[in-house]
Amino acid sequence: MHLAILSDIHGNLTALDAVLRSIETRGPFNHVVVAGDLAWGGPWPRQVIERLIEINALGVMGNMDAYMLSASSPIPTREETLFGREHPVTQWMCAQLTDETRNYLAQLPFARRFEPDPPARLLIVHANVHNLDDSIYPDAPDAEIRPLIQGAEADVIAYGHVHVNGQRQLDQTLLVNVSSVGIPTDGDTRAAWDEFEWDAAHHRWNITVHRVAYDVESVVRELYAVHRPEPEKWIKRLRTARWE
């Protein structure tokens, strides 16, 4: 089994297309799997989802995907304390979606599993195995992480959410953060994705991290061209690959 796993595209179509070209050169792959946060943030929320539909990508629900779906519903989410339903960015992002792209978000499952051959249980989630919000930080103590992966029944857990590549063995589980396509925050502006290939002879996943350069400044120009509200903070993150 050969999987391309990526996460946190955040509406950055230019970065996604660069990653897809990289994937094509290393294929074929059984599946392209996206671990959530597909559309929110960049200038192309609708177009990113359309591209994923076009390539038959398998998605996983992210916290900002859930927020985009709930922004016009009576059910509050944690993100409402950060943005609010009347926030101009919220209104702009949600207005970009079509019925087709909104339905794609709505059908995203919480997790996906792949089990090519025991012991090969791979679980893909957005943030952790219980919810969409609590982060598995690379430097978090083991005691903080264990409750977030308890009950996973997986040998490998792949996830995004914190936008930083990393691997960490915790007890019997390998934790793999696949970072971010659209807005990595490790100081490296290149888009990130991970290649998972099952090695049947040695009963293990061989995992390769790929970083792909793309034209960041073209994304900056597009943020202004489409009149995305309040672009400055997002532009700073794109240029620095840092949250702040």
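Could you work out Rg/(2.2 N^0.38 Å) for the chain, with Rg from alpha carbons only?
On the way: Rg = 17.2 Å, N = 244, 2.2 N^0.38 = 17.8 Å.
Relative to the rule-of-thumb radius for its length, the chain sits at 0.97.
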- Note on the structure: For GLY59, the residues 5 or more places away or on another chain with a placed amide H closer than 5 Å to its own amide H are VAL34
- Query: Each label point is 7 Å from the Cα along the Cα-to-Cβ direction; what then is the distance between the points at ARG204 and LYS233, in nm?
  - Reply: 4.2
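If R0 is 30 Å, what FRET efficiency do you get for SER218 and HIS130 from their C-beta distance, rounded to 0.05?
Working: r = 38 Å, r/R0 = 1.27.
Once rounded, the FRET efficiency stands at 0.20.
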- Task: Would you mind ranking SER70, SER7 by Cβ crowding within 10 Å, fewest neighbours first?
- Result: SER70, SER7
- Message: Whole-Hz ³J(HN,Hα) for each residue in region 167-176, computed from phi via Karplus 6.51 cos²θ - 1.76 cosθ + 1.60 with θ = phi - 60°, x for glycine and proline: what do you get?
- Response: 10, 8, 8, 10, 6, 9, 10, 8, 9, 10
- Message: Explain nothing, just compute: Karplus ³J(HN,Hα) = 6.51 cos²θ - 1.76 cosθ + 1.60, θ = phi - 60°, for every residue of region 212-218 in order, whole Hz, x for Gly and Pro.
- Response: 10, 6, 8, 7, 4, 5, 5
- Query: With each label point set 7 Å from Cα along the Cα-Cβ vector, what nm distance links ARG113 and ASP188?
  - Reply: 3.2
- Task: Give a quick list of GluC sites (Glu not before Pro) in region 145-206 that DSSP marks as loop, anything other than H, G, I, E or B, with at most 16 other Cβ atoms within 10 Å.
- Result: GLU153
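Nearest-5 percent of antiparallel DSSP beta bridges in the chain?
Given both bridge residues lie in the chain, the antiparallel proportion sits at roughly 65 percent.
We did not get these values from a lab; they are worked out from the coordinates using the rules stated. What you are looking at is a predicted structure, and each value in this text was computed from that prediction instead of being measured. Positions of Cβ are backbone-derived with ideal geometry, glycine not excepted, and every protein chain shown enters the neighbour counts.
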